[in-house]
Amino acid sequence: MIKTPAEIELMAEAGRRLAAVFTHLDAMTLEGLNTLEINDRVEAFIVDELKSRPASKGQYGYGFVLNSSINQVVCHGVPRVEDVLKSGDIVNLDITLEKDGFIADSSKTYLIGSVGPQARRLVRTTYEAMWKGIQAVRPGAKLGDIGFAIEKHAKKAGYSVVRDYCGHGIGREMHEDPQVLHFGKAGTGATLREGMTFTIEPMLNQGVRTVVTEDDGWTVATADAKLSAQFEHTVAVTKDGVRVLTLRPDEKIAA
């Protein structure tokens with residue numbers, strides 16, 4: 001689904017506001033907070049400070065503004081009072097924001113307190129893998145190039161890539177075409193064209209790529225209870241490359 005330059009600028013404004021949410025989170029001491037508290041703080045910031053809409057709340061019947069996925073939780077973790085973040089945890093916070101009819105989607109895995117070297121390595125590699133995928137984006141490239149770059153980096157580090165969930169087109173709707181797989185073969189799949197907008201959001205596991213959905217119907221965890229990490233950005237294909245619409249002020253264009 002091709003966006004006009006004006007539409008991409010509207011998406012970029014939503015992305016800028018979403019980046020500000022993560023800057024707000026970066027300034028918090030997350031250790032000792034429960035994930036429902038974090039959810040409520042983020043909702044207040046989006047609504048009251050940014051005058052925007054948390055796009056996830058109410059989507060598919062979901063009652064919260066973010067997903068909070070701790071340690072072995074791969075994605076879609078539900079905020080709970082019982083889930084208090086403690087030193088040594090890793091937690092992915094996945095947040096969406098809508099402004100003027102367009103949606104931005106991004107996530108970041110946070111290190112809580114004193115995190116061990118194996119968990120740190122997983123988080124660092126996942127972030128790098130996301131950027132490997134982003135660097136593959138340009139007009140004329142194939143969707144398979146993105147997944148190939150991500151999977152190659154993950155496998156080199158000894159990690160598996162979750163295949164049950166993928167990136168997606170985004171714009172006026174949360175989920176549009178195309179699906180963006182985080183594995184695949186270079187030179188295959190749809191051709192990227194200027195004006196396409198989609199997310200790149202790899203999930204890397206320490207162990208097997210297999211996942212299970214918990215009884216709440218939302219929370220997805222690793223089948224072997226080993227750690228998982230994720231990062232996500234919303235991007236646009238430009239005439240000569242890629243624009244990261246949710247880039248945060250503290251980030252460089254490549255890892």
Inset, instruction - Test K132 against the criterion of being open to solvent by 50 Å² or more (accessible area, probe 1.4 Å) and touching a helix residue (DSSP H, G or I) at 6+ places or on another chain (Cβ under 8 Å), and give yes or no. - result: yes
Legend entry - Conditions (1) among the small types (G, A, S); (2) part of a helix (DSSP H, G or I); (3) open to solvent by 20 Å² or more (accessible area, probe 1.4 Å); number of the one not met by A19: (3)
Inset, instruction - Tell me, please, whether a residue that is under 14 Å from the mean Cα position of the chain (by Cα) and part of a strand (DSSP E or B) can be found in region 46-67. - result: yes
Legend entry - Qualifying residues in region 174-185 (those that are surrounded by 14 or more Cβ atoms within 10 Å (Cβ to Cβ) and closer than 18 Å to K132 by Cβ) - the one modelled with the lowest pLDDT: G184
Legend entry - Selected residue [at pLDDT 95 or above, in contact with a Cys (Cβ under 9 Å, 6 or more places away or on another chain) and among the hydroxyl-bearing types (S, T, Y)] from S107, S52, S56: S107
Inset, instruction - State whether the residues of region 112-127 include one that is among the small types (G, A, S), within 22 Å of H175 (Cα to Cα) and out of contact with any Cys (no Cβ under 9 Å at 6 or more places or on another chain). - result: no
Legend entry - Residues of region 129-147 classified as under 19 Å from L93 (Cβ atoms) and touching a His at 6+ places or on another chain (Cβ under 7 Å), total: 2
Inset, instruction - Working carefully through the options V137, V65, find the one that is farther than 15 Å from A229 by Cβ, among the aliphatic types (A, V, I, L, M) and in contact with a Leu (Cβ under 8 Å, 6 or more places away or on another chain). - result: V137
Inset, instruction - With respect to N39, determine if the residue is at positive phi, under 18 Å from the mean Cα position of the chain (by Cα) and crowded, with 16+ Cβ neighbours inside 10 Å. - result: no
Inset, instruction - State the number of residues belonging to region 178-193 that are without any contact (Cβ under 8 Å) to a residue 60 or more places away in the chain, of a type outside the set (G, A, S) and closer than 23 Å to K239 by Cβ. - result: 4
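Residue-by-condition table, conditions (1) of a type in the set (A, V, I, L, M); (2) surrounded by fewer than 19 Cβ atoms within 10 Å (Cβ to Cβ); (3) more than 16 Å from the chain's Cα centre (by Cα):
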position: L143; (1), (2), (3): yes, no, yes
position: I146; (1), (2), (3): yes, no, no
position: S160; (1), (2), (3): no, no, yes
position: C166; (1), (2), (3): no, no, no
position: R172; (1), (2), (3): no, yes, yes
position: G187; (1), (2), (3): no, yes, yes
position: G195; (1), (2), (3): no, yes, yes
position: F198; (1), (2), (3): no, no, no
position: P202; (1), (2), (3): no, no, no
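Matching residues to (1) among the basic types (K, R); (2) in contact with a helix residue (DSSP H, G or I) (Cβ under 9 Å, 6 or more places away or on another chain); (3) farther than 30 Å from R80 by Cα:
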{"residue": "D145", "(1), (2), (3)": "no, yes, yes"}
{"residue": "H153", "(1), (2), (3)": "no, yes, yes"}
{"residue": "H168", "(1), (2), (3)": "no, no, no"}
{"residue": "R172", "(1), (2), (3)": "yes, yes, no"}
{"residue": "Q206", "(1), (2), (3)": "no, yes, no"}
{"residue": "D216", "(1), (2), (3)": "no, no, no"}
{"residue": "F231", "(1), (2), (3)": "no, yes, no"}
{"residue": "A236", "(1), (2), (3)": "no, yes, yes"}
{"residue": "V242", "(1), (2), (3)": "no, yes, yes"}
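The values are calculated or read from the model by the stated rules, or taken from the named source; none is laboratory data. On a predicted model such as this, the values are computed, not experimentally measured, just so you know. Don't worry about glycine lacking a Cβ; one is built from the backbone with ideal geometry, like all the others, and counts go over all protein chains shown. Areas reflect the complete protein model, heavy atoms only, side chains present, ligands, DNA and RNA absent. Shrake-Rupley method; radii C 1.70, N 1.55, O 1.52, S 1.80 Å.
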